[in-house]
Amino acid sequence: MANPDKLPPTPAQTVGPYFGMALTPEGSSRLVPEDHPDAILISGTLTDGAGGPVKEGMIEIWQAGAHGMYPNQPSPADDAFIGFGTCHTADDGSYEFITMKPGPVPAPGGGNQAPHINLAVNGLGILKPLRTRIYFSDEAEANAKDPVLQGVEEERRALLVARVDGQKAMFDITLQGERETPFFKV
Amino acid sequence: MPADPSPDPSEYPRESDPTVPPYFHPNVKATRLRAPKRPLISLTHTLSESTGPIFGDTAVAEHEHDLTKQHQGEPVGQRIILYGRVRDSDGRGIPNALLEIWQANSAGRYVHKWDPYDAPLDPNFSGVGRCLTDDQGHYSFVTIKPGPYPFGNHYNAWRPAHIHFSVFGTSFVTRLITQMYFPDDPLLSQDPIFNAIPDEAARRRAICEFDLDATVADWANAYRFDIVLRGPRATPMET
């Protein structure tokens, strides 16, 4: 890791409470129009270790489109889909995105990863990004084979699976406690 | 744009190294209920980590890089040129990186409804700027040096003058959010946020340099802030 030929990285600092001045502009949590045939509403709440809402939270998502292609891969299936969204949590800690459910994307070494959305959580009191993934409850078979999800202790896996109900998916993010969201070291 | 499907994960310094703050820091009050308590789970990089959003020229409008020209009049304060280069860990400039900055005005006040400080707002300063790096990774802003301001971490706590940076490089995992500080600021030593970076050399990398050569006579001082994003460039762009 400590390769002397490599330039050392600029250190991260917290996004602080006032990022809404510059980041999370209006409309940035809507990746597809509401009337898009594949639109889904992903929503949930960001809560702290006392169970309280985190209102100074920024949630960013990065995902493949419905065909399992990331937008910067060659020949993206849907040129208009940017795959990136960002949302400032509300006073009650809630967030929501309107997007499309991603398709399966390739896994290293062959096969596919289960459909998932990559998340970064920043905010006041969060000194560097917290990274996690949203999987989907209607993809049980693919989830059972997903190399990243299977790397999470079995009893915590369900915390990474959004509850899908038609065109809606619920995914809460909990920073501490019994239901602490599994976060990844990337 | 072609994406490399198999970047070597070992090339990326992990976020657990001493150059970045830990999630929990005893001196930063707000981390107490917000730092995860369970160990992070290691993740071998996949396409999901090695790709990231790309922003085209249309992402930035003309005056967004000049925070002194966004209103009818000039903002109050010390006019500065803030420039630098965004590179990967191999030293290669990162083109078309989107940089977004936000900051307090020269009195230490943010244009934000939650800012409790009673310092005056400046009708000619919003404190938000954006730009894209050029082909070699260079960027440049014109702004006003921000003032320090008190904050609620502990009795008589002050934030040193700083500018918030958001940088999108080439992948979702190398995206950087940080704060840039100014040299010789006497408030740095008491700031728990800055000092949450464990490594002294890394703390220095969060401080810009005064650059006399880049100042413009009769107009503005200049500071240079170079940014290095983690890891090699995930998306090959050389032709």
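Nothing in this text is a laboratory measurement; each read-out follows from the coordinates by a stated rule. Computed from a prediction, not measured in an experiment: that's the story for all the values here. As a convention, Cβ positions derive from the backbone with ideal geometry for all residues, glycine included, and neighbour counts pool all protein chains shown.
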For A:ASP38 and A:ALA140 in the same chain, what is the full-extension length gain: residue separation times 0.36 nm, less their Cα-Cα distance, in nm? 34.7 nm
Can you compute the modelled spin-label distance between B:LYS113 and A:GLU180, with each label point 7 Å from Cα toward Cβ, in nm? 3.4 nm
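Please state, as a whole number in µm²/s, the translational diffusion coefficient that the Stokes-Einstein equation yields for chain A at 10 °C and 1.306 mPa s, with Rh defined as the Kirkwood radius across alpha carbon pairs. Write down the numbers at each step before the final one.
Numbers: Rh = 17.4 Å.
Diffusion coefficient, whole number: 91 µm²/s.
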Which whole number gives the average, over all residues in A:118-129, of C-beta atoms from other chains lying within 10 Å of the residue C-beta? 6
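Taking the Cβ of each residue in B:VAL173, A:VAL152 as the centre, tally the other Cβ atoms inside 10 Å and list the residues starting with the fewest.
A:VAL152, B:VAL173
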Can you give the local net charge around A:ILE98? Use residues other than it whose beta-carbon is closer than 14 angstrom to its beta-carbon, Lys and Arg +1, Asp and Glu -1. -2
Two pseudo-spin positions, 7 Å from Cα along C-beta at A:ARG156 and at B:ASP184, lie apart in nanometres by 4.8 nm
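Among B:159-165, B:105-111, what's the highest-first ranking by average C-beta atoms within 10 angstrom per residue?
On the way: B:159-165: 23.7, B:105-111: 20.9.
So the peptides B:159-165, B:105-111, ranked by packing, come out B:159-165, B:105-111.
By per-residue mean of other Cβ atoms within 10 Å, what is the highest-first order of A:43-51, A:26-34, A:102-110?
Working: A:43-51: 18.9, A:26-34: 14.2, A:102-110: 16.6.
Order by mean packing, descending: A:43-51, A:102-110, A:26-34.
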With +1 on each Lys and Arg Cβ and -1 on each Asp and Glu Cβ, how big is the dipole of segment B:54-228 about its Cα centre, in debye rounded to the nearest 20? 360 debye
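Total Lys pairs in chain A closer than 21 Å by alpha-carbon, pairs eight or more apart in sequence or interchain only? All intermediate terms of the calculation are to be shown ahead of the outcome.
Numbers: A:LYS6/A:LYS185; A:LYS55/A:LYS128; A:LYS101/A:LYS145; A:LYS101/A:LYS168; A:LYS128/A:LYS185; A:LYS145/A:LYS185.
Total qualifying Lys-Lys pairs in chain A comes to 6.
Report relative contact order for chain A in percent, whole number only (criteria: Cα-Cα under 8 Å, sequence separation at least 6). Write down the numbers at each step before the final one.
Details: 380 pairs, mean separation 47.1, N = 186.
Relative contact order for chain A comes out at 25 percent.
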Under a straight-distance cross-link criterion of Cα-Cα below 14 Å, which aspartates and glutamates are reachable from B:LYS37, leaving out those fewer than 8 residues away in the same chain? A:ASP48, A:GLU178, A:GLU180
Please list, in chain and number order, the residues 5+ apart from B:ILE144 or on another chain whose amide H is under 5 Å from its amide H, with Hs placed from the backbone. B:ILE80
Stretch B:GLN72-B:ARG38 to full length: gain in nm at 0.36 nm per residue minus the Cα-Cα span? 7.1 nm
Dividing the mean separation of Cα pairs under 8 Å (6+ apart) by the residue count of chain B yields a relative contact order in percent of 27 percent
Exposure proxy check: B:THR58, A:THR10 ranked by fewest other beta carbons within 10 Å? B:THR58, A:THR10
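Any chance you could run the full-extension gain for B:ARG204 through B:ASP135? It's 0.36 nm times the residue separation minus the Cα-Cα distance, nm to one decimal.
Details: separation 69, 0.36 × 69 = 24.84 nm, distance 2.67 nm.
Result: 22.2 nm gained on full extension.
Using packing as a proxy for protection, rank B:81-92, B:178-189 so that the peptide with the highest average count of other Cβ atoms within 10 Å comes first. Could the numbers behind the result be given before it?
Working: B:81-92: 20.2, B:178-189: 16.6.
Final packing ranking: B:81-92, B:178-189.
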Under a cut-off of 17 Å between alpha-carbon atoms, report the lysines in cross-link reach of B:LYS69, not counting same-chain residues fewer than 8 places apart. B:LYS145
Convert each backbone phi in segment B:51-64 into a coupling constant with the Karplus relation 6.51 cos²θ - 1.76 cosθ + 1.60 (shift: θ = phi - 60°), then list the ³J(HN,Hα) values in order as whole Hz, x for Gly and Pro. 9, x, x, 10, 10, x, 4, 6, 5, 10, 9, 4, 8, 5
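Can you give the average number of partner chain beta-carbon atoms within 10 Å of each beta-carbon in peptide B:163-176, as a whole number? Provide the component values of the computation, followed by the final result.
Working: counts 0, 9, 3, 7, 1, 1, 0, 1, 3, 13, 7, 2, 7, 7.
Mean shielding by partner chains, rounded to a whole number: 4.
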Between segment B:77-109 and segment B:134-156, what is the separation of their alpha carbon centroids in Å? 9 Å
